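Student: Starting off with a structure, shown below.
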Amino acid sequence: MEKTPISKKSEDIYTIDIVRIFKCLWKKAWLIAIVSLIIAAISFSYAFFFVRPKYSSSVKLYVNNNSVSLGGSRISISSGDISASQSLIKTYIVILESRSTLKEVIKESGVDITVNELRSMIDASSVNDTEVMRVTVTAYDADEACTLANVIKDVLKEKIKDIIQNTEPADVDDAVPNYVKVSPSFSKYLLVGFLIGFIMSSVVIIIMDSLDDTIHDDDYIANQYDCPLLGKVQNLNVTGSKSYKYNYNYYYGRSSSSKSSSDNH
């Protein structure tokens, strides 16, 4: 009798078994951990040996919407004035980032950089939504960052006084050299490297498992093929005096003839 070929239930439908994927990853957890640690170590080494450290210095300016005194008398400042001063900080930032201001800063500081490079080194914002404006300069040299920050403060004050009438920011803090590195962040590089290693190793393991068409257990036959499992015979192959290897021969079919053929094998 001609044997009936074994066919899959739905060859055109691919089902993702989440439980199987989780079990596969769990079995290879040791490999995933090793790969993740290796990639994390490589990432840390790159940051330690090849990434140039950066330093930053900051200046603070007080932004006032109007004159605080008139003829020697104090003028009260309302909440509306405070809100206007906070909004004025955005105008100050635009003036600071203008090409004319940055060119003046480069000229006064004597630092050999371009306007775009200087713009990328500056971060200006309000301090906790107050009337105080902080300007931070980040550079590869701590003394250079301090020099640029103080020059920016002086140039910006003159620019604002020329552009906005009756308004001049007041000094709050000058910049001082800060020799503590602000970058690179070794913990960040470690975390990113570990995540990259984890994702890469997991994806490779899942792909290899999906491409593996080897029958590993009887559940695979029952779930994937439209035929009953008739039984399994355990083989004990002696490979040494104290070591044994267990294998299983799986028998399945559609008729008694196929079963007999399988038993003969």
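Student: Could you list, in sequence order, all residues of segment 96-155 that are part of a helix (DSSP H, G or I) and of a type in the set (Val, Ile, Thr)?
Tutor: Matches in segment 96-155: Thr101, Val105, Ile106, Val115, Thr147, Val151, Ile152, Val155.
Student: Moving on to the next point. Please work out which residue is surrounded by the most Cβ atoms within 10 Å (Cβ to Cβ), limiting yourself to segment 28-59 and to residues that are touching a strand residue (DSSP E or B) at 6+ places or on another chain (Cβ under 9 Å) and polar (S, T, N, Q).
Tutor: Per the criteria, the residue is Ser57.
Student: In segment 120-140, is there at least one residue being assigned by TED's automatic domain parsing to the domain that holds Leu96, surrounded by fewer than 16 Cβ atoms within 10 Å (Cβ to Cβ) and touching a Ser or Thr at 6+ places or on another chain (Cβ under 6 Å)?
Tutor: yes
Student: Let me ask something additional. Taking segment 101-128, which residues are of a type in the set (S, T, N, Q) and free of Cβ contacts under 8 Å to residues at least 12 places away in the same chain?
Tutor: The answer is Thr114, Asn116, Ser120, Asn128.
Student: Restricting to segment 105-126, count the residues that are small (Gly, Ala, Ser) and touching a helix residue (DSSP H, G or I) at 6+ places or on another chain (Cβ under 8 Å).
Tutor: 4
The values are calculated or read from the model by the stated rules, or taken from the named source; none is laboratory data. Just so we're clear, the structure is a prediction, and the values are computed from it rather than from any experiment. Cβ: placed from backbone, ideal geometry, glycine included. Neighbour counts: every protein chain shown.
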